[in-house]
Structure formats: structure tokens, C-alpha cells
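Beneath this line is the structure, given in C-alpha cells, with notes to follow.
Derivation of every value follows stated rules applied to the coordinates shown; laboratory data play no part. Because the structure is predicted, anything quoted here is derived from the model rather than measured. Glycine also receives a Cβ, built like all others from the backbone with ideal geometry; neighbour counts cover every protein chain displayed.
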Amino acid sequence: MERLCPRWQGQSLGGKTLIVHSEQGNGDDIQMVRFVHELAARVRDEGGRLVLAVRRALQSLFARFLRGLRVHRGRTARQAPLWAADHERAVGT
């Protein structure tokens, strides 16, 4: 996959936006989304912002599961709202 912004390597996200996006299939996304709460809390504590970009079929499910987190339709980093993204990371990594 072509990278449109740098891959997040665990550095502080203070004042930055991290796009977490789908990489595999819906089943993999459903399995891995449980870890997004913890990541979102870390990003928020550091003063950053996390946006989850998922396939249309999962958008409403994840929006209900992840209340308070922006869930955008777009399954890859290429389709994600990269207007203000500083870093990207696949949901399963």
C-alpha cells in the first residue's frame, strides 16, 4: 500500500492526528478493533487525535462500539481522510 503519510512508530502524538485504517478483511477488523479503545485513550492523554477509517459495512457498528471516536468510511490509508493526518497505522498492527 502506498503511504500518504508516515507510519506511526509509537512516538508521542501530542498535537497530531493518527489515522487507524483497515488492512485485511472485515473479520480481522472486528477482531482487532477491541484494541482501539486503549490506543485512543493514549492518543487523547498525549493531546492528539485518533480517526478510525473503516469499510462502509463496519462504519455504523464501530461508531456505536467506539462512542466519542471519529469513525470515517474509507478502508485504506489511501481512502482515509488524510487532510490533516500526521501518521497512519493499520488496525491490526
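Could you line up D45, D28 from fewest to most neighbouring Cβ atoms inside 10 Å?
Lowest to highest Cβ neighbour count: D45, D28.
Subtracting the Cα-Cα distance from 0.36 nm times the residue separation, let me have the gained length for L61 to D86 in nm, one decimal.
This chain segment gains 6.4 nm when fully extended.
Going by C-beta contacts inside 10 Å, put H21, H37, H87 in order with the fewest on the left.
Listing H21, H37, H87 from fewest to most nearby Cβ atoms yields H37, H87, H21.
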